[in-house]
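Working notes, structure below.
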Amino acid sequence: MKYVYVIACTLVVLFTACNEVDPKNEDDVRAFVKRWNENHTQLKAPFLQRYYMDRVAYYGKERTKREVTQDKLVLFEQFPDYTQEISDGEMSIIKEDGLYLVIFTKNVKYGGVTEEYESYLSILLKNGDYKIMREGVADDPKNENAIILPKFRETVIAKTRNRQLFGDFNGDGLSDYAYINGPTLLSDTAQSNVSETTAICKGDCTSVIIFSAPDLSPFTIENAYKSNLENLRDLNGDGADEIGFWNIKPTTKSLYIFDAANSRLLTPPVVINTAVHKNLKLIDVLKKSGPKKITVTRSANRNGTWVLESEVVVLD
């Protein structure tokens, strides 16, 4: 720990001197760091945004708190079994003018690997709330090739950013975004029956819609490896945009209509036989037909002939 302490005091932190923290605040800082650490799971990751300043020095680069949260999400998606622990006894806290330097050993497990990283957080106490200004690890050669560090996810995040769909999916009047975390497809073979496709993915052929708003739960779609998102606007009058997920197969495409604000599917998937009904657009498949009413059009096999059938759906 002395090694990290020297680095932190001389190279990393913003302090002009390294002083011991006032004991009356030490418990609050420790509790804050513990809560931050406990949110390092795939389900809780969206809530990490609340722990950071608007702009953060994150592993040597300036990032917004939204970008930090997105990086954490990609980490947990890449390593679903990822866990990290901080030993309370190994946590050192130094204070200077409302800033706290917290130095600790982070015990990390992922993909059958167990590693330790000498880590630090710089925390600001502002208006009674603690916020993270800096996060990083000690400048140690062994960390250069640590695949769990952010620099190894920059390409993935750049690709994800290009696929973001914007909208107000929780109805709070602010813009959110959603993106798809999809599998890697190894092969895709259509069968004689248009509803059947043999696909081989790296891992499960499962896609997950992830939202930037921390109060929105992800949607998981099984047997989905090629897809697109659509902003369907507010269909049920609750003030939030609905989101459409196209599950694309060699001979079919299916539209899933999700109410993200209430974590539900509004209708069964709307399946189109693209081998017969070609070039149909969203407007051909889904229309808003009145207050809390939509009309969906799907392919149906009637006596051996594929036809398009429309149905009016009343939304709750």
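The values are calculated or read from the model by the stated rules, or taken from the named source; none is laboratory data. Computed from a predicted model, the values in this text were never measured in an experiment. Heads up, the Cβs are rebuilt from the backbone with ideal geometry, glycines too, and the neighbour counts pull from every protein chain shown.
Can you spot a residue in the stretch 85-94 that is closer than 28 Å to Ala213 by Cα and either surrounded by 13 or more Cβ atoms within 10 Å (Cβ to Cβ) or not aromatic (Phe, Trp, Tyr) (or both)?
Initial filter on the stretch 85-94 (closer than 28 Å to Ala213 by Cα): 85-86.
From what's left, either surrounded by 13 or more Cβ atoms within 10 Å (Cβ to Cβ) or not aromatic (Phe, Trp, Tyr) (or both): 85-86.
Looking through the stretch 85-94, at least one residue is closer than 28 Å to Ala213 by Cα and either surrounded by 13 or more Cβ atoms within 10 Å (Cβ to Cβ) or not aromatic (Phe, Trp, Tyr) (or both).
Where strands (runs of 3 or more DSSP E) fall entirely within the stretch 98-186, those with at least 2 residues that are more than 30 Å from Pro250 (Cβ to Cβ) are at 99-110, 113-126, 129-137.
Here Leu266 fulfils each of the conditions (1) under 25 Å from the mean Cα position of the chain (by Cα); (2) more than 30 Å from Asp71 (Cβ to Cβ); (3) touching a residue at least 60 places away in the same chain (Cβ under 8 Å) apart from (3). Just so you know, in the stretch 49-77 the residues that are assigned to a strand (DSSP E or B) and among the hydroxyl-bearing types (Ser, Thr, Tyr) include one that is surrounded by the most Cβ atoms within 10 Å (Cβ to Cβ), and it is Tyr52.
Among the conditions (1) outside any strand (DSSP E or B); (2) at pLDDT 85 or above, Pro80 misses just one, which is (2). Here the condition is being at positive phi and touching a strand residue (DSSP E or B) at 6+ places or on another chain (Cβ under 7 Å); of Gly111, Gly128, Gly60, it holds for Gly60 alone. Considering the stretch 216-235, the residues that are surrounded by 19 or more Cβ atoms within 10 Å (Cβ to Cβ) and within 27 Å of Leu48 (Cβ to Cβ) include one that is farthest from the chain's Cα centre (by Cα), namely Ala224.
When Arg66 is tested against the conditions (1) at pLDDT below 90; (2) charged (D, E, K, R); (3) over 30 Å from Asp204 (Cα atoms), the lone failure is (3). Can you tell me which condition Ile200 does not meet? The list is (1) without any contact (Cβ under 8 Å) to a residue 40 or more places away in the chain; (2) within 28 Å of Leu48 (Cβ to Cβ), and all the others hold. Failing condition for Ile200: (2).
Against the test of being in contact (Cβ under 8 Å) with a residue 60 or more places away in the chain and over 28 Å from Ile209 (Cα atoms), the options Leu149, Leu75, Leu125 yield a single qualifying residue, Leu125. For the stretch 155-174, the candidate set comprises residues that are within 19 Å of the chain's Cα centre (by Cα) and loosely packed, with under 12 Cβ neighbours inside 10 Å; within that set, the residue that is modelled with the highest pLDDT is Leu174.
Just wondering, is there one or more residues in the stretch 131-142 that are β-branched (Val, Ile, Thr) and either modelled with pLDDT under 85 or surrounded by fewer than 17 Cβ atoms within 10 Å (Cβ to Cβ) (or both)? Write out each step before concluding.
So in the stretch 131-142, the residues β-branched (Val, Ile, Thr) come out as 132, 137.
Those left that are additionally either modelled with pLDDT under 85 or surrounded by fewer than 17 Cβ atoms within 10 Å (Cβ to Cβ) (or both): none.
Looking through the stretch 131-142, none of the residues is β-branched (Val, Ile, Thr) and either modelled with pLDDT under 85 or surrounded by fewer than 17 Cβ atoms within 10 Å (Cβ to Cβ) (or both).
Test Ala190 against the criterion of being over 15 Å from the mean Cα position of the chain (by Cα), among the aliphatic types (A, V, I, L, M) and at pLDDT below 70, and give yes or no. For Ala190, the condition - over 15 Å from the mean Cα position of the chain (by Cα), among the aliphatic types (A, V, I, L, M) and at pLDDT below 70 - is met. Sort out which residues of the stretch 198-243 are among the basic types (Lys, Arg) and assigned to a loop (DSSP other than H, G, I, E, B), and write them in order of number. If the condition is that a residue be among the basic types (Lys, Arg) and assigned to a loop (DSSP other than H, G, I, E, B), then Lys226 is the only one that fits.
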